[in-house]
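Note sheet for the following structure.
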Amino acid sequence: MRKVAFYTLGCKLNFSETSTIARQFEERGYERVEFSESADIFVINTCSVTENADKKCKQVVKQAKKTSPNSYVIIIGCYAQLKPQEIATIKGVDAVLGAAEKFRLFEVLNDFEQKDTVQLCASEISQATDFNTAYSYGDRTRTFLKVQDGCDYNCAFCTIPLARGNSRSDTVENILKAAKEIAATNVKEIVLTGVNTGDYGLINNERVHTFFELVQELDKIEGIERFRISSIEPNLLSDEIIEFVAKSKKFVPHFHIPLQSGSDEILRFMRRRYKTSLYNERIEKIKKLMPNACIGVDVIVGFPGESNEHFMETYNFLHSLDISYLHVFTYSERQNTKAAEMGNPVPKSVRAERSKMLHSLSDKKRNFFYESQLGKTKTVLWENEVKENKIFGFTENYIRVNQPYNVSLPNTLQEVELKDFDLSTSNITVNAIPVSELV
Ligand code: SF4
């Protein structure tokens, strides 16, 4: 039996796609092994957003070749679509597949036997028009289900449309089928994933469905206890979606909403499709209907032309919002983007300083949010992670909690009371007491 191993860099979408490609191999009789083990074939799913994507890719290839010098190494993913020629020069790489080819690797590569030259199969991104259903399974207690791919927005800093193509979606029918398959495997939580998830519904460039329709249909699925929306653009997070989630027993009160900048001028330079006033409205609406909702925010520091005043506008805006944590990205120039041609770069040391300030603000926001939840009763989905005899999991509103390990807990939902901060863990968590043990 030939052995195959996988390595995934980047986002939830990549994880769902790696997992689906792995199942293709398993269905054909291959044995899936850990990346650290020896294998006949290695598939490396890359990311273009990762800083130093090239270095990281080289490192992973080297690692594969060290354990298995005669293995066949395939590179797929966003970096493979953007820089196929560059990747083909990396020592040890046997094949590079683009976005239109990555799900057809058996057809394209056939025997996985080394050739004299690298097999380079990366069509123009305009050829990536198919939608391939994908979900992760077996790696985690939560499953990432891909419902949408690509993006028709044109944000000035972003290479994703170049790497993943136009916005396109799975049919509601296929997604419900996948959700039922997932439910049959005893997974309790599905995270809806896409590049621009809120833009769900375009099939062959026609709007066939809306994201709201999908949400309503998924809510009826038996066997899945929780749905989480991975990330949604503020201009696509409509009142009707917020109102539905507030009433739903399955869609959890957790939103991740990219902001990117708290300055309207920088948002315009970035070609984002909203102003801060709309963003503020969205947060207020969520918090009015779901006071305990967790809200995460993406923000970029050091975009070209971001002055101290712009940055302080962002800082003060974020400070004023009732949000729970930040994902801070330091801007870095990307080839073939509008932002890279804008000039007026922010010095790297200033970018780093601003990033530090926002990381510290994020810690304060998270601690404040966690503190506001102490004493409340929440439901935890216990995960497989065990450290120092503690088990970890997330509440519906995305608080990371722990309690002493018990073999019966992984992948179960349990009502707990949130007691106090556990400062002994590297990432702050909350100690939880099962409600059944409270006197
Ligand atoms: S919405 Fe903007 S940032 Fe997000 S994937 Fe599309 S172009 Fe990139």
Within the range 158-176, is even one residue closer than 26 Å to K378 by Cα and assigned to a helix (DSSP H, G or I)?
no
Scan the range 332-364 for residues that are buried (at least 16 other Cβ atoms within 10 Å of the Cβ), of a type in the set (G, A, S) and either under 19 Å from E309 (Cβ atoms) or touching a Lys or Arg at 6+ places or on another chain (Cβ under 7 Å) (or both) and report the count.
2
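Go through the range 238-269 and give me each residue that's among the basic types (K, R) and not in a helix (DSSP H, G or I). Full working, then the answer.
Initial filter on the range 238-269 (among the basic types (K, R)): 247, 249-250, 268.
The answer is K249, K250.
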Considering only residues that are in contact with a Gly (Cβ under 9 Å, 6 or more places away or on another chain) and either within 12 Å of the ligand (Cβ to nearest atom) or over 13 Å from I232 (Cβ atoms) (or both), which ones fall in the range 258-287?
E265, I266, F269, T276
Residues of the range 54-94 being of a type in the set (D, E) and over 23 Å from the mean Cα position of the chain (by Cα), in sequence order, are E86, D94
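Based on what the data block shows, is E225 of a type in the set (D, E, K, R), assigned by TED's automatic domain parsing to the domain that holds V172, out of contact with any Asp or Glu (no Cβ under 6 Å at 6 or more places or on another chain) and within 16 Å of the ligand (Cβ to nearest atom)?
On the way: of a type in the set (D, E, K, R): yes; assigned by TED's automatic domain parsing to the domain that holds V172: yes; out of contact with any Asp or Glu (no Cβ under 6 Å at 6 or more places or on another chain): yes; within 16 Å of the ligand (Cβ to nearest atom): no.
For E225, the condition - of a type in the set (D, E, K, R), assigned by TED's automatic domain parsing to the domain that holds V172, out of contact with any Asp or Glu (no Cβ under 6 Å at 6 or more places or on another chain) and within 16 Å of the ligand (Cβ to nearest atom) - is not met.
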Checking G165 against (1) modelled with pLDDT of 95 or more; (2) within 16 Å of the ligand (Cβ to nearest atom); (3) over 26 Å from A5 (Cα atoms); (4) not aliphatic (A, V, I, L, M), only one condition comes out false. Which one?
(1)
Residue check: is A179 assigned to a loop (DSSP other than H, G, I, E, B), away from the ligand (no atom under 16 Å from the Cβ) and under 25 Å from the mean Cα position of the chain (by Cα)?
no
If I ask for residues that are more than 16 Å from V252 (Cβ to Cβ), part of a strand (DSSP E or B) and either in contact with an Asp or Glu (Cβ under 8 Å, 6 or more places away or on another chain) or touching a residue at least 60 places away in the same chain (Cβ under 8 Å) (or both), which ones from the range 394-420 would you list?
N402
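Can you name the residue in the range 117-162 that is β-branched (V, I, T) and more than 16 Å from the ligand (Cβ to nearest atom) and is also farthest from the chain's Cα centre (by Cα) among such residues? Outline the logic, then answer.
Of the range 117-162, the ones β-branched (V, I, T) are 117-118, 125, 129, 133, 141, 143, 147, 159-160.
The next check asks that each one be more than 16 Å from the ligand (Cβ to nearest atom); those that pass are 117-118, 129, 133, 141, 143.
Working: T117: 34, V118: 30, T129: 21, T133: 16, T141: 15, T143: 12 Å.
Here the residue is T117.
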G29 fails exactly one of (1) in a helix (DSSP H, G or I); (2) over 20 Å from A99 (Cα atoms), namely (1)
Pairs, please: C-beta under 8 Å, at least 6 apart or cross-chain, first residue in a strand (DSSP E or B) and in the range 113-140, second modelled with pLDDT of 90 or more and acidic (D, E)?
Q119/D94; C121/E101; A134/E17
Could you figure out which of (1) charged (D, E, K, R); (2) crowded, with 21+ Cβ neighbours inside 10 Å; (3) away from the ligand (no atom under 16 Å from the Cβ) isn't true of K188?
(2)
Would you tally the residues in the range 55-94 being under 17 Å from D40 (Cβ atoms) and charged (D, E, K, R)?
3
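Listed here are the residues, each with its yes/no results for (1) hydrophobic (A, V, I, L, M, F, W, C); (2) at positive phi; (3) surrounded by 16 or more Cβ atoms within 10 Å (Cβ to Cβ); (4) not assigned by TED's automatic domain parsing to the domain that holds K91.
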| residue | (1), (2), (3), (4) |
| --- | --- |
| K115 | no, no, no, no |
| Q119 | no, no, yes, no |
| A134 | yes, no, yes, yes |
| Y137 | no, no, yes, yes |
| L145 | yes, no, yes, yes |
| D149 | no, no, yes, yes |
| P161 | no, no, yes, yes |
| R168 | no, no, yes, yes |
Considering only residues that are in a strand (DSSP E or B) and either more than 16 Å from the ligand (Cβ to nearest atom) or outside the structural domain of N174 (by TED's automatic domain parsing) (or both), which ones fall in the range 191-222?
V191, I203, E206, R207
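The values are calculated or read from the model by the stated rules, or taken from the named source; none is laboratory data. Predicted model, so just to flag it, every value in this text is computed and none were measured. We place every Cβ from the backbone using ideal geometry, glycine too, and count neighbours over all the protein chains shown.
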